[in-house]
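Novice: Encoded as structure tokens, here's the structure I'll be asking about.
What follows draws every value from the coordinates through simple rules; no lab data is involved. Here the structure is a predicted model, which means the values were calculated and not measured. In this analysis, Cβ positions are derived from the backbone assuming ideal geometry, glycine residues included, and neighbour counts consider all displayed protein chains.
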Amino acid sequence: MKKKRFNFTFSVLCFGMAFLYVPMLSLIIYSFNYSKIVPIWGGFSIRWYVRLFESEAVWAAAGLSLRIALVNATFATLIGTFAALAMVRFGKFKGRTLFSGMITAPLVMPEVITGLSLLLLFITLKEFIGWPESRGFTTITIAHITFSMAYVAVIIQSRLAGIALTLEEAAADLGAKPFRVLIDITFPLLAPGMIAGWLLAFTLSLDDLVIASFVSGPGSNTLPILIYSRIRLGLRPDINALATIIILAVTIGMCIVGWLMHRQQILRDRDLHMAGIENQKFDI
């Protein structure tokens, strides 16, 4: 019975992994296709990678997307962290229900509605105060921070819920000011959640198409907008090459982050073990 259950679980796992990664593998293979027609194999070639590296439009869009994603992830992590701290550590306060609803609203709001409302906001601001003069890097970044900070707040809230107040209270009893407690105790404990939130915000920004298409202007195409505009004209091998480079970059980034988090966990476990040994010596 256990063997049959194991075989069924293993089969489902293999099917799920194949469903996710076989299309990516086929995309990588066809990125080395010599033929201009994607489904027809014309031999191994790197011609589309050469053409991709010669395309100024692609690299301009990629640079814009990366700059937006970096700024968005940083500010979204900061704002989302402080919002989560207010929800978890400040207890009940006036307007808490409204504040909680405003944080979670972007999670359930359709992206079309979010993009349209932000577009109307920017148009109204331009009419009244003359800002923004044009829609581009600034407007896209603000729009991305608006919805991605909600995801960060949810991650940090779940992290805070699993952290006891013992260390923070001990630091406060020893005379540490609230700011020092926040910097020396709370933030280090929240580091794994903040890293996860930063990565999620970065990915959401780099992947966004709908909201960016509303709040972008002429000459400010992000990478998803550029890819979508080219795919509308038909599948092209250079898009496969670009997608392969993105997959490779994401894989390397995930491996580095995984290694750093694993190393941090080992150091934390070692510190806890050493603290336990010191406590035993003190009790003796």
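Novice: Would you order Trp41, Trp259, Trp48 from fewest to most other beta-carbon atoms within 10 Å of each residue's own beta-carbon?
Specialist: Going from least to most buried by this count: Trp259, Trp41, Trp48.
Novice: So which DSSP H runs in the chain come out at 18 Å plus along the axis (Cα) with average Kyte-Doolittle of at least 0.5?
Specialist: 2-30, 56-89, 96-108, 111-129, 137-161, 187-207
Novice: In Å and whole numbers, how far do the C-alpha atoms of the chain stretch along each principal axis, longest first?
Specialist: For the chain, the Cα spread along each principal axis is 76, 67, 39 Å.
Novice: I need to check one value: relative contact order of segment 59-272, counting alpha carbon pairs closer than 8 Å and at least 6 residues apart, in percent.
Specialist: Computed value for segment 59-272: 35 percent relative contact order.
Novice: Can you check what the Kirkwood hydrodynamic radius comes to for segment 1-148, Cα pairs only, in Å to one decimal?
Specialist: When all Cα pairs of segment 1-148 are included, the Kirkwood radius is 20.7 Å.
Novice: Let's see if you can work this out: charge +1 on each Lys and Arg Cβ, -1 on each Asp and Glu Cβ, no other charges. What is the dipole magnitude of the chain about its Cα centre, in debye to the nearest 20?
Specialist: The calculation lands at about 760 debye.
Novice: Fewest to most neighbouring Cβ within 10 Å: what's the order for Lys177, Lys94, Lys36?
Specialist: Lys94, Lys177, Lys36
Novice: Sticking with this structure for a sec: Quick one: work out Rg over Rh on the C-alpha atoms of segment 73-228, Rh as Kirkwood radius.
Specialist: 1.06
Novice: Leaving out same-chain residues fewer than 8 places away, which aspartates and glutamates sit with a Cα under 19 Å from that of Lys36?
Specialist: Glu54, Asp238
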